[in-house]
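Read the structure below first, then the notes.
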Amino acid sequence: MKRLEVVELGEDIVFSTLERLSSDIFVSREVLRPDYVPESLPHREREIKALTEHIAPIIRGERPSNIFIYGLTGTGKTAVVKYVTNRVSQFAAKKGLNHLSIAYVNCRHEDTTYRALTELALSLGVKVPFTGLSTAEVFKRFKEALNRAGNVLVAVLDEVDFLVKKNGDDLLYRLTRINSELRGGKVSLIGITNDVRFTETLDPRVKSSLGEVEMVFSPYDADQLRDILMERASRAFKPGVLEDGVIDYCASIAAREHGDARRALDLLRVAGEIAERENAKKVTVRHVKEARYEIERNMIIDVAKTLPFHGKLVLLVIALGGGKFNSTGDLYIKYRELARGLGAEPVTQRRVSDIISELDMLGIVTARVINRGRYGKTREVVLNVDPNTLIKAFKDDARLAWIFKNDRY
């Protein structure tokens with residue numbers, strides 16, 4: 001009987017919450033998400049025209065030049081490429097042209113040579129098992145499909161630097177050489193990266209072939225960001241819900257952070273979601289300020305989860321200590337105790353000091369030098385995120401499980 005009562009109570013909570021959150025704020029929050037491709041891209045007309053001109057030979061059955069696109073995060077690189085390739089596909093369908101294919105691979109997600117090749121093969125209708133084949137076999141099937149179809153394939157490799165840093169440039173080398181091995185189809189590459197120095201790490205043969213055409217996307221200024229936000233907000237929000245000053249505030253914050261449109265859109269979306277949770281009738285500047293804190297906190301947690309083991313352990317020690325240590329010596333004693341409890345060999349105090357400096361550089365902690373007079377100098381270390389949030393984030397880490405299972409702290 002108690003179990004049924006709990007279920008009914010749970011349903012009441014869910015129903016009442018859903019009723020309350022029936023949005024008076026959004027028409028479509030998807031319009032503000034980073035993977036949304038809008039109908040228009042303000043202040044990227046020049047880049048759209050240039051990219052279309054470079055891709056245009058595909059309409060005649062010719063292979064376009066390889067294109068490499070650079071630019072900081074949030075400068076519209078992916079949006080422009082998706083916009084142009086979508087329109088090219090629509091134009092080809094309208095004209096009855098079936099000799100072209102376009103494949104998009106997000107190399108941050110498909111971050112191995114096998115997985116990236118699998119995505120390219122799938123774009124040609126070739127099914128490849130998730131595992132079990134050699135990379136050479138997948139590449140062979142990919143080439144055979146190109147020869148059978150006789151298509152010109154434009155392969156978009158977004159955030160390609162992630163793939164290369166993890167696996168080397170073997171895939172790029174194969175793809176830039178593939179046309180000499182094909183009898184029917186052709187392949188053209190579009191590489192996208194946030195790292196303006198990325199090509200310096202490539203094999204010179206890959207670099208010369210990949211960068212036949214290079215495009216650089218400059219950051220948006222505050223006025224341009226305001227135009228982008230106004231255009232998206234008109235379709236994302238219900239009329240009159242944005243308080244005066246909200247869009248200008250989002251634009252000014254993003255402009256100070258390297259003209260990142262993605263950042264501006266995230267701020268606006270999360271501010272709307274906070275207002276929605278409060279059952280507010282308007283999105284205010286206060287909501288944007290809270291959204292900024294929430295986004296930065298989530299970014300810190302994401303970075304923390306990617307740290308090496310001893311970096312995580314140092315961070316966890318700080319969190320378990322309430323988020324602050326008055327000296328690196330005290331912090332090291334606790335770190336060493338935890339490391340040994342986990343059966344790990346502690347690193348030296350000098351290395352822990354280096355880890356603290358790295359965490360400070362990432363913005364996860366603030367390390368401030370304190371002069372203690374005749375006792376010398378030390379560093380006060382303060383966590384820049386709620387300790388409990390960080391502890392919860394690390395509870396899923398199998399190597400740290402002993403700490404939580406044994407109620408060590």
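The numbers here are math on the coordinates, done by the rules we state, and not lab data. Note that the structure is a prediction, hence the values are computed from the model and not measured. Positions of Cβ are backbone-derived with ideal geometry, glycine not excepted, and every protein chain shown enters the neighbour counts.
Legend: calculated FRET efficiency, T52 to S208, from the Cβ-Cβ distance at R0 = 22 Å, rounded to 0.05, equals 0.35. This ranking places T176, T348, T284 by how few other beta-carbon atoms lie within 10 Å of each, fewest first, which gives T348, T284, T176. Each residue of the stretch 104-114 is assigned a 3J(HN,Hα), and the resulting list reads 10, 10, 8, 6, 6, 8, 8, 9, 10, 4, 4 Hz, derived from the Karplus form 6.51 cos²θ - 1.76 cosθ + 1.60 (θ = phi - 60°), x at Gly and Pro. Across the stretch 334-344, rounded Karplus estimates of 3J(HN,Hα) from the backbone phi angles (6.51 cos²θ - 1.76 cosθ + 1.60, θ = phi - 60°) give 5, 4, 4, 4, 5, 4, 5, x, 8, x, 10 Hz, Gly and Pro being marked x.
By the beta-carbon count within 10 Å of each Cβ, the least crowded to most crowded order of I370, I295, I228, fewest first, is I370, I295, I228.
Can you give the angle from 0 to 90° between the axis of helix 45-55 and the longest principal axis of the chain, with both taken from C-alpha atoms, to the nearest 10? Result, in degrees: 50.
Fewest-first ordering of I356, I178, I333 by other beta carbons within 10 Å of each residue's beta carbon gives I333, I178, I356.
With respect to the cross-link table entries K77/K392; K312/K377; K165/K312; K77/K312, which display a Cα-Cα separation exceeding 28 Å?
The pairs that break the limit, which is 28 Å between Cα atoms, are K77/K392; K77/K312.
As I understand it, the value is the acute angle between the Cα axis of helix 285-305 and the longest principal axis of the Cα atoms of the chain; what does it come to in degrees, rounded to 10? In the chain, helix 285-305 runs at an angle near 90 degrees to the longest axis. Here's the picture: charge each Lys and Arg Cβ at +1 and each Asp and Glu Cβ at -1 in the chain, and of H54, S40, V283 the one pushed furthest to the positive end of that dipole is H54.
Considering only R63, R44, R256, the Gaussian network model of the chain with Cα springs below 10 Å gives its largest mean-square fluctuation to R256.
Springs join every pair of Cα atoms under 10 Å in this Gaussian network model of the chain, and among L225, L307, L117 the largest mean-square fluctuation is at L307. With each label modelled as a point 7 angstrom along the Cα→C-beta vector, the R235-V27 pair spans 1.0 nm. In the chain, helices alone account for a calculated mean residue ellipticity at 222 nm of -16500 deg cm²/dmol, with every DSSP H run of four or more residues adding -39,500 (n - 2.57). Between (i) 193; (ii) 225; (iii) 149, which matches volume of the Cα convex hull per residue in Å³ calculated for the structure shown? Matching the structure shown: (ii).
Database remark: amide H of F217 closer than 5 angstrom to the amide H of Y70, G71 (H placed geometrically; neighbours at sequence offset of 5 or more, or on other chains; Pro and chain starts carry no H). For the chain, a Gaussian network of Cα nodes joined below 10 Å ranks R226, R277, R292 by mean-square fluctuation, and the top entry is R277. Coupling constants for the stretch 308-321 follow from the phi torsions by the Karplus curve (6.51 cos²θ - 1.76 cosθ + 1.60, θ = phi - 60°), and in residue order they are x, 3, 6, x, 4, 5, 4, 5, 5, 4, 5, 5, 5, x Hz; glycine and proline get x. With contacts taken as Cα pairs under 8 Å and at least 6 residues apart, the chain reaches a relative contact order of 17 percent. The alpha-carbon of K282 sits under 21 angstrom from the alpha-carbons of these lysines, leaving out residues fewer than 8 places away in its chain: K238. In percent, rounded to a whole number, the relative contact order of the stretch 271-340 is 20, using alpha-carbon pairs under 8 Å and six or more apart. Label-to-label distance, T348 versus T201, with points set 7 angstrom from Cα along the beta-carbon direction: 2.8 nm. Computed from label points 7 Å out along Cα-Cβ, the spacing between N194 and S134 is 3.7 nm.
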